[in-house]
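Below is one structure. I have some questions about it.
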Amino acid sequence: MLQLFTHHRSVSAHRVRIALNYKGVSYKSILTDLDHARGDRLSYLNVNPQGLIPALWAENDLVISQSSAILEYLEERYPERPLIQGDIAERARIRSFAQIAIADTHPLNNLRVLRYLRDAMGVPYDKRREWFEHWIHKAFGPMESILAGHAREHDAHSYCFGERPSLADVCLVPQVSLAERYQVDLSDYPTIRRVYRACMTMAAFQAADPDTQPDTR
Ligand SMILES: N[C@@H](CCC(=O)N[C@@H](CS)C(=O)NCC(=O)O)C(=O)O
């Protein structure tokens, strides 16, 4: 069985949990601490030398790190319920949207970045909070206009780009969940909130939510 090194609050692991659930792939959660100081984190470096979560122990000697690489692996290994489909333009649109979250948003608000701002740069809480919210709005503004524009041009649909979830939804939902946890004002993003609500009616998304994980406290 696949084993996922995960933490309930990890945005990147959240993406992978949604994809595994959506594709109906069974997996075992290996609960892994986000805190580098803890002993189990040190042994986790043998699994993922970067020490970042998630990692997927996929096959005998194959451990995959980096959520986008894991998501691509799952897409190729379990193509039956695809997360990237449609014509070549739609597939490009889905990938491009997903990268706003994966490449341009999450890395700036990652724990190690926020801790570096605090510990090495001496940035106080209110300024770190400003940083955090700034990068969320820098993502959600364009995401909202992309989704609203697509909804205007096509028949109204529930998910990011159609009537079935895609990689775009898999990457959007954890960012919204994170923003909600930190009570970021999302009132300027009605389409994002509508898509989020639609996703959260699905069991695959509910079972991946940070609040429903075995290590949720
Ligand atoms: N690009 C990586 C990012 C992985 C990552 O940064 N994971 C976070 C949790 S979402 C982590 O382990 N953070 C620990 C830290 O920043 O010290 C991916 O997509 O998998």
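Starting from the range 198-217, keep only residues that are more than 15 Å from Tyr159 (Cα to Cα), then list their pairs with residues that are open to solvent by 80 Å² or more (accessible area, probe 1.4 Å) and part of a loop (DSSP other than H, G, I, E, B) whose Cβ atoms are within a distance under 9 Å, requiring at least 6 positions of separation or different chains.
Close Cβ pairs (under 9 Å, with a partner that is open to solvent by 80 Å² or more (accessible area, probe 1.4 Å) and part of a loop (DSSP other than H, G, I, E, B)) amount to Pro210/Arg9; Gln213/Arg9; Asp215/Arg9; Thr216/Arg9.
Determine which member of the set Ser145, Ser68 is assigned by TED's automatic domain parsing to the domain that holds Gln50 and polar (S, T, N, Q).
Numbers: Ser145 fails: assigned by TED's automatic domain parsing to the domain that holds Gln50.
Just a single option satisfies the conditions, and that option is Ser68.
Rundown of residues vs (1) in contact with a strand residue (DSSP E or B) (Cβ under 9 Å, 6 or more places away or on another chain); (2) free of Cβ contacts under 8 Å to residues at least 40 places away in the same chain; (3) not aliphatic (A, V, I, L, M), yes/no style:
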| position | (1), (2), (3) |
| --- | --- |
| Tyr27 | yes, yes, yes |
| Leu71 | no, no, no |
| Glu76 | no, yes, yes |
| Ile100 | no, no, no |
| Arg115 | no, yes, yes |
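Let me ask something else about it. Give me the residue from the range 198-217 that is polar (S, T, N, Q) and not in a loop (DSSP other than H, G, I, E, B) and, out of that set, surrounded by the most Cβ atoms within 10 Å (Cβ to Cβ). If you could, list the steps in order and put the result at the bottom.
Let us first name the residues in the range 198-217 that are polar (S, T, N, Q), namely 201, 206, 212-213, 216.
Right, trim to not in a loop (DSSP other than H, G, I, E, B) and you get 206, 212.
Working: Gln206: 14, Thr212: 11.
Restricting to residues being polar (S, T, N, Q) and not in a loop (DSSP other than H, G, I, E, B), the top hit is Gln206.
Quick check: is even one residue across the range 82-93 part of a helix (DSSP H, G or I), out of contact with any His (no Cβ under 6 Å at 6 or more places or on another chain) and under 23 Å from Phe5 (Cβ atoms)?
Within the range 82-93, not a single residue is part of a helix (DSSP H, G or I), out of contact with any His (no Cβ under 6 Å at 6 or more places or on another chain) and under 23 Å from Phe5 (Cβ atoms).
Conditions tested, residue by residue: (1) acidic (Asp, Glu); (2) within 16 Å of the ligand (Cβ to nearest atom).
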residue: Val113; (1), (2): no, yes
residue: Arg118; (1), (2): no, yes
residue: Met121; (1), (2): no, yes
residue: Ile146; (1), (2): no, no
residue: Phe161; (1), (2): no, no
residue: Asp169; (1), (2): yes, no
residue: Arg181; (1), (2): no, yes
residue: Tyr189; (1), (2): no, no
residue: Arg194; (1), (2): no, no
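For residues that are buried (at least 24 other Cβ atoms within 10 Å of the Cβ), of a type in the set (Asp, Glu) and not in a helix (DSSP H, G or I), tally how many sit in the range 159-184.
Qualifying residue count, the range 159-184: 0.
Can you tell me which condition Pro165 does not meet? The list is (1) in contact with a Pro (Cβ under 9 Å, 6 or more places away or on another chain); (2) under 21 Å from Gly86 (Cα atoms), and all the others hold.
Pro165 satisfies every listed condition except (1).
The values are calculated or read from the model by the stated rules, or taken from the named source; none is laboratory data. Note that this is a predicted model, so its numbers are computed, not measured. Using ideal geometry, Cβ is built from the backbone for each residue, glycine included, and neighbour counts are taken over all protein chains shown. For the accessible areas, the whole protein counts, side chains as well, though only heavy atoms, and no ligand, DNA or RNA atoms are used. Shrake-Rupley method; radii C 1.70, N 1.55, O 1.52, S 1.80 Å.
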